[in-house]
């Protein structure tokens, strides 16, 4: 075993045994790579990632003023320069919402599909907004598929019933009354507070699509 070898024996093995020398190089290289990765992450990536969260606030100022074009002008280079960082992903989500305002749904979809973030609500909203894009493009089959993905992405009292409701409305457009009834009924049974808080008379929707 290597741990039982003396220093001289290790040197001899290194100098005379090609396999031993090659293995030593590999192990050493891996350790060096791990060390470099750790240093990079702690000293460069982590501070840069945290700093990236400051950038999208500039765009939020324009968004709050409904200055869509100016927000896009700020967000496009910001997203490009912060790709993969938390702030960059949030910026990409915001950029998609601004493209949607302009009716540029394909650009919005491209950005929404690229959002990768741990925040559960932004992740779900990114899926749901894709459904909105397809719905506005009158691609109702795809919209229905995406809304159901969004509804099932996370179990909560906000996004799950909201996207189930949108799925029901799109299902009605597709003349899928039985499916729409199932979505509305699920809201009534599993998320009763959602309908009341949003003043949605869910029983009327169920009755409208009932296939008695």
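Taking the criterion of being surrounded by 14 or more Cβ atoms within 10 Å (Cβ to Cβ) and farther than 23 Å from residue 196 by Cβ, would at least one residue in the range 160-168 satisfy it?
Narrowing the range 160-168 to residues surrounded by 14 or more Cβ atoms within 10 Å (Cβ to Cβ): 160-168.
When the remaining residues are screened for being farther than 23 Å from residue 196 by Cβ, the result is none.
Within the range 160-168, none of the residues are surrounded by 14 or more Cβ atoms within 10 Å (Cβ to Cβ) and farther than 23 Å from residue 196 by Cβ.
Does residue 182 satisfy the criteria of being closer than 13 Å to residue 151 by Cβ, without any contact (Cβ under 8 Å) to a residue 24 or more places away in the chain and either touching a strand residue (DSSP E or B) at 6+ places or on another chain (Cβ under 6 Å) or surrounded by 12 or more Cβ atoms within 10 Å (Cβ to Cβ) (or both)?
Values: closer than 13 Å to residue 151 by Cβ: yes; without any contact (Cβ under 8 Å) to a residue 24 or more places away in the chain: yes; either touching a strand residue (DSSP E or B) at 6+ places or on another chain (Cβ under 6 Å) or surrounded by 12 or more Cβ atoms within 10 Å (Cβ to Cβ) (or both): yes.
Here the answer is yes, as residue 182 does meet what is asked.
Quick grid of which residues meet (1) at pLDDT below 95; (2) within 21 Å of residue 120 (Cβ to Cβ):
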residue	(1), (2)
148	no, yes
155	yes, yes
159	yes, yes
164	no, yes
177	no, no
180	no, no
186	no, yes
193	yes, yes
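Which numbered condition in (1) more than 20 Å from residue 159 (Cα to Cα); (2) surrounded by 14 or more Cβ atoms within 10 Å (Cβ to Cβ) is the only one that residue 102 fails?
That leaves (2) as the condition not met.
Are there any helices (runs of 4 or more DSSP H) wholly within the range 79-151 with 3 or more residues that are without any contact (Cβ under 8 Å) to a residue 40 or more places away in the chain and within 26 Å of residue 187 (Cα to Cα), and if so which? Full working, then the answer.
Details: elements: 86-101, 105-114, 120-136.
In the range 79-151, the matching helices (runs of 4 or more DSSP H) lie at 120-136.
Spot the failing condition for residue 204; the list is (1) in a helix (DSSP H, G or I); (2) touching a residue at least 12 places away in the same chain (Cβ under 8 Å); (3) exposed (fewer than 14 other Cβ atoms within 10 Å of the Cβ), and only one is missed.
(2)
Which numbered condition trips up residue 193, out of (1) in a helix (DSSP H, G or I); (2) surrounded by 14 or more Cβ atoms within 10 Å (Cβ to Cβ)?
The failed condition is (2).
Scan the range 63-77 for residues that are in contact with a helix residue (DSSP H, G or I) (Cβ under 7 Å, 6 or more places away or on another chain) and either crowded, with 22+ Cβ neighbours inside 10 Å or farther than 13 Å from residue 91 by Cα (or both) and report the count.
5
Does residue 52 count as closer than 21 Å to residue 162 by Cβ, modelled with pLDDT under 90 and within 18 Å of the chain's Cα centre (by Cα)? Reasoning before the result, please.
Working: closer than 21 Å to residue 162 by Cβ: no; modelled with pLDDT under 90: yes; within 18 Å of the chain's Cα centre (by Cα): yes.
Spelling it out, it is not the case that residue 52 is closer than 21 Å to residue 162 by Cβ, modelled with pLDDT under 90 and within 18 Å of the chain's Cα centre (by Cα).
The values are calculated or read from the model by the stated rules, or taken from the named source; none is laboratory data. Note that the structure is a prediction, hence the values are computed from the model and not measured. A quick note on method: Cβ atoms are made from the backbone with ideal geometry, for glycine too, and the neighbour counts reach across all protein chains shown.
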